[in-house]
Every structure is written in structure tokens, then in C-alpha cells.
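These notes concern the structure reproduced below.
What follows draws every value from the coordinates through simple rules; no lab data is involved. Since we're looking at a predicted model, the values are computed, not measured. Positions of Cβ are generated from backbone atoms using ideal geometry, with glycine treated the same way; all protein chains shown enter the neighbour counts.
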């Protein structure tokens, strides 16, 4: 298991520098100018064979971009996708039909500290775990609710719980049936 000190150092470095892109991103317009389709593909910085990704729909405002910028040919574009686990930053260029670029991830220190405090375990690949938690949109209240039911899980397991719709009420009901 990765030590707290190693995890803190890794996150600190990730927030201060862009040592390596974790993957790629693309943005494209949808029929509605109020919605942008986003695709992210990421890999574990420690093991490029461990990969993840997702498709999202976001408002231009949430991304920090103007939708009209996406129809500009070859112009630099930076978009941020922020959730509790951290921020994915897409740095690329417009294509006339959207944008493509490199993907960087910045973990949220307070999120990590809280998860460690309540006993959520990090695996050997903490940055990958955090990126997966970002994709699953694992919030602090969700983590707290699962821990309150007596579950001591890893961040990867917590992300899987969330993706499959496991709630604290479900776990409570499951426990009452078992007893």
C-alpha cells in the first residue's frame, strides 16, 4: 500500500508541475450550443497499460470555454473539468468542429486528506484511483455514507460502488436482510 507521505508527495508534484500528460481529450459541439460533448482517455502515469476514460456532456461555462471558440480553426484551447476528486485539464487546439488535446490531472488535496481520514484505502496507483473516482463522480458525502455503514473499501471499490448505483440505504437494507 502506498504510504500517506508518498501519496502526498505525488499529489503535490502533480499539482505544481505538468510532468506528463495522462492521456487525451476531445471536445465537440452538440446540436445544442449549451452542451459540449467531452471524451477523455487516460492512463495511469505509473503503468500506461492501465487505462480508463469516459464520455461526458458539459456546459461551455462548466468547462471554462466559449462554445463559439470550438468552431475556430487552429486556435489554442484550454478546458477544465472539475469534480470533487480534482481537475482534468484539456490543453489543445480547436479543429473547426471541436477541439483535441492532451489531458492532465490535478488531484484535490482536501479530497485526498478527507478520504484518508475516514479510512478509504489507496492502491499502488493513487493517481489512477483518483482519476477513476473523478470519472465515477465520487463525492465526499458519498464516501462518508459508505464508511458510516461500516465498509472499509479502497477508492477503486468506492468508485465501482458509485458507478453501479450502490447507496448507503441499499447497504443498510442488505445488512438487515442478512441479520
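What ranking of 36, 71 emerges when the number of other C-beta atoms within 10 Å of each C-beta is taken as an exposure proxy, fewest first? Mind dumping the intermediate values first?
On the way: 36 24, 71 13.
Taking fewest neighbouring Cβ atoms as first place, the list is 71, 36.
For the chain, what value does the Rg/Rh ratio take when both radii are computed over Cα atoms and Rh is the Kirkwood radius, given to two decimals?
That ratio equals 1.03.
Compute the length gained on full extension between residue 148 and residue 57: take 0.36 nm times their separation in residues and subtract their Cα-Cα distance, giving the result in nm to one decimal. Provide the component values of the computation, followed by the final result.
Values: separation 91, 0.36 × 91 = 32.76 nm, distance 3.17 nm.
Between residue 148 and residue 57, full extension yields 29.6 nm more.
How big is Rg to Rh over the range 109-178, alpha-carbon atoms, Rh as the Kirkwood inverse-mean-distance radius?
Over the Cα atoms of the range 109-178, Rg/Rh equals 0.97.
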